[in-house]
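The values are calculated or read from the model by the stated rules, or taken from the named source; none is laboratory data. Source: prediction; values computed, not measured. Because the Cβ atoms are built from the backbone with ideal geometry, glycine has one as well, and the counts that use them run over all protein chains shown.
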Amino acid sequence: MNFRTYKLKDIGEVITGNTPSKSNSEFYDSKDVMFIKPDDLYIDRITMLNESKEYLSNKGAEHARILPQGSVLVTCIGIIGKVGILKQEMAAFNQQINAIIPDKNIVNEKYLAYKIWNDRKKLQHIANAPLVPIINKKQFSEFKIDIPSLDYQLKVVDVLDKAQELIDKRKAQIEALDQLTQSVFLEMFGDPDKNTKQWNVYKLKEVVDKNCSISYGIVQPGDDVPDGVPIVRPVDIQQGIISVDNLKRTAKHISDAYSRTILKGCELLLTVRGTVGASYLVDESFKGVNVTRGITPLLFNEKIVNPIYIFHLFKTEQYQRKFKSLAKGITLLQINLIDLRELTLPVPPITVQNEFSKFVKKITIQKKKLQNSLNEMETIFNSLMQRAFKGELFNEQ
């Protein structure tokens with residue numbers, strides 16, 4: 001199979017998005033045109049963009065950069081390499097995204113999306129900022145990829161689509177268990193915002209362990225140190241399941257300078273910068289691991305609250321809204337720790353929380369079986385991609 005190397009700018013038009021003025025309410029007073037932002041794109045697969053969380057009016061769209069159907073969108077600030085394909089007739093998009101309107105005589109949009117998704121680590125490597133990774137339009141335009149014939153591209157897309165469909169079905173089964181858990185949570189504890197069951201109310205600072213200061217993590221972890229201290233970053237939490245072995249590492253002296261956030265192995269990690277409100281429960285395998293600036297570890301007083309209860313409380317729509325309302329900032333959202341410490345929580349009797357925890361642990365056993373199956377599917381999918389992009393997927397006729 002013959003491949004030809006292209007720069008992205010040579011296989012289509014590269015455009016960086018923008019945001020029409022937020023001060024003009026007329027730009028946002030109707031849902032006429034999709035306005036795509038990074039949180040509309042999945043982190044674990046290519047997103048087929050049929051809708052968005054935010055929209056522009058037709059008047060607002062006149063001040064935006066508009067993409068046609070079939071455009072490929074790639075996040076280039078913060079989390080680098082989330083990929084989407086526009087399925088609607090048109091859409092606007094913000095400045096955290098670069099997009100390509102592909103030349104269909106050279107490349108199929110789905111093949112291009114799969115290829116960029118496969119090469120996302122290469123994109124992440126060239127990002128030029130230590131705290132908030134950024135790939136500018138020029139860097140993105142100059143990024144090189146290998147393109148085969150259109151016939152081969154379509155064959156690859158067909159195989160990868162079928163494999164992705166199986167993965168999506170398994171993920172849907174896992175998501176159904178998550179939805180069941182949240183449904184049981186609301187049935188047992190009621191609406192947490194209205195506190196319909198009139199549980200006692202505590203502030204967050206009142207339910208953490210006396211040794212938990214509710215602090216930010218490491219500000220500048222530096223370069224990856226192979227034998228250093230593992231660190232959890234917000235991007236790790238957003239990706240879902242975290243393996244300590246796969247974490248980036250920092251120098252021990254840097255970690256020691258942030259001793260207040262070194263994990264004991266039973267905390268809830270909460271993202272408080274960028275994408276706020278994501279959480280993750282760590283186990284004993286995380287003992288000695290540290291976290292970066294965008295995460296606050298919460299070690300609870302388990303005589304008052306069960307961490308599993310708090311984890312699912314934080315996942316509710318009501319608390320996700322609370323976290324977003326606490327976040328301040330224009331270019332980068334951040335929750336002030338003073339405000340976080342004052343966050344109020346409905347706290348049922350610990351016996352009731354523990355009953356819910358037992359239910360969750362049973363569901364977790366089922367989820368692990370499905371997750372193991374999903375991991376195998378994703379391994380096969382990644383192998384298919386590697387072979388496809390080397391020209392090894394089909395026998396030459």
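Go through segment 285-320 and count every residue that is of a type outside the set (A, V, I, L, M, F, W, C), farther than 17 Å from residue 188 by Cβ, in a helix (DSSP H, G or I) and over 17 Å from the mean Cα position of the chain (by Cα).
As a first pass, look at segment 285-320 and keep what is of a type outside the set (A, V, I, L, M, F, W, C): 285, 287-288, 290, 292-294, 296-297, 301-303, 306-307, 309, 312, 315-320.
Those still in the list that are farther than 17 Å from residue 188 by Cβ too: 285, 287-288, 290, 292-294, 296-297, 301-303, 320.
Retained after the next criterion (residues that are in a helix (DSSP H, G or I)): 285, 320.
If we keep only those that are over 17 Å from the mean Cα position of the chain (by Cα) as well, we get 285.
Of the residues in segment 285-320, 1 are of a type outside the set (A, V, I, L, M, F, W, C), farther than 17 Å from residue 188 by Cβ, in a helix (DSSP H, G or I) and over 17 Å from the mean Cα position of the chain (by Cα).
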Requested in this report: Would you mind finding the one in 82, 137, 87 that is within 23 Å of residue 18 (Cα to Cα), of a type in the set (Lys, Arg), buried (at least 20 other Cβ atoms within 10 Å of the Cβ) and touching a strand residue (DSSP E or B) at 6+ places or on another chain (Cβ under 9 Å)?
Outcome: 82
Query raised in the report: Can you tell me which residues in segment 271-284 are touching a residue at least 60 places away in the same chain (Cβ under 8 Å) and in a strand (DSSP E or B)?
Result: 273
Requested in this report: Could you identify the single residue in 340, 269, 263, 345 that is under 17 Å from the mean Cα position of the chain (by Cα), assigned by TED's automatic domain parsing to the domain that holds residue 223 and at pLDDT 95 or above?
Outcome: 269
Report summary line: A careful count of residues in segment 59-74 that are under 30 Å from residue 118 (Cβ atoms) and either without any contact (Cβ under 8 Å) to a residue 12 or more places away in the chain or not assigned by TED's automatic domain parsing to the domain that holds residue 120 (or both) gives 0
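On the basis of being surrounded by 14 or more Cβ atoms within 10 Å (Cβ to Cβ), in contact (Cβ under 8 Å) with a residue 40 or more places away in the chain and in contact with a strand residue (DSSP E or B) (Cβ under 7 Å, 6 or more places away or on another chain), does residue 3 make the cut?
Judged against the criteria, residue 3 is a match.
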Query - Matching residues in segment 90-114 - criterion: being under 21 Å from residue 24 (Cβ atoms), surrounded by 18 or more Cβ atoms within 10 Å (Cβ to Cβ) and of a type in the set (A, V, I, L, M) - result: 91, 92
Query raised in the report: Given the residues 358, 328, 390, 362, which is the only one that is basic (Lys, Arg) and under 22 Å from the mean Cα position of the chain (by Cα)?
Result: 328
Query raised in the report: What number of residues within segment 201-230 are assigned to a loop (DSSP other than H, G, I, E, B), within 16 Å of residue 264 (Cα to Cα) and not polar (S, T, N, Q)?
Result: 6
Report summary line: Scanning segment 12-58 residue by residue, those touching a residue at least 60 places away in the same chain (Cβ under 8 Å) and not in a loop (DSSP other than H, G, I, E, B) turn out to be 12, 13, 14, 15, 16, 36, 39
Query raised in the report: Out of (1) modelled with pLDDT of 95 or more; (2) within 28 Å of residue 334 (Cβ to Cβ); (3) outside any loop (DSSP other than H, G, I, E, B), what's the single condition that is false for residue 173?
Result: (2)
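One line per residue, one yes/no per condition, for (1) polar (S, T, N, Q); (2) out of contact with any helix residue (DSSP H, G or I) (no Cβ under 8 Å at 6 or more places or on another chain); (3) modelled with pLDDT under 95; (4) under 26 Å from residue 164 (Cα atoms):
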position	(1), (2), (3), (4)
7	no, no, no, no
23	yes, yes, yes, no
39	no, yes, yes, yes
50	yes, yes, no, yes
55	no, no, no, no
62	no, yes, no, no
65	no, yes, no, no
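Go through segment 81-142 and tell me which strands (runs of 3 or more DSSP E), entirely inside it, have 3 or more residues that are in the same structural domain as residue 41 (by TED's automatic domain parsing) and free of Cβ contacts under 8 Å to residues at least 60 places away in the same chain. Can you show your working first?
Details: elements: 83-86, 90-93, 97-102.
It comes to 83-86.
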Query raised in the report: From 160, 166, 186, which residue is in a helix (DSSP H, G or I) and either within 16 Å of residue 357 (Cβ to Cβ) or assigned by TED's automatic domain parsing to the domain that holds residue 316 (or both)?
Result: 186
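Could you go through segment 231-248 and let me know if any residue there is farther than 27 Å from residue 378 by Cβ, in a loop (DSSP other than H, G, I, E, B) and touching a residue at least 12 places away in the same chain (Cβ under 8 Å).
Taking every residue of segment 231-248 in turn, none turns out to be farther than 27 Å from residue 378 by Cβ, in a loop (DSSP other than H, G, I, E, B) and touching a residue at least 12 places away in the same chain (Cβ under 8 Å).
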Query raised in the report: Is one or more of the residues making up segment 319-332 surrounded by fewer than 17 Cβ atoms within 10 Å (Cβ to Cβ), without any contact (Cβ under 8 Å) to a residue 24 or more places away in the chain, touching a strand residue (DSSP E or B) at 6+ places or on another chain (Cβ under 7 Å) and assigned by TED's automatic domain parsing to the domain that holds residue 208?
Result: yes
Requested in this report: Identify, from the list 369, 362, the residue that is assigned to a helix (DSSP H, G or I), at pLDDT 95 or above and under 30 Å from residue 156 (Cα atoms).
Outcome: 369
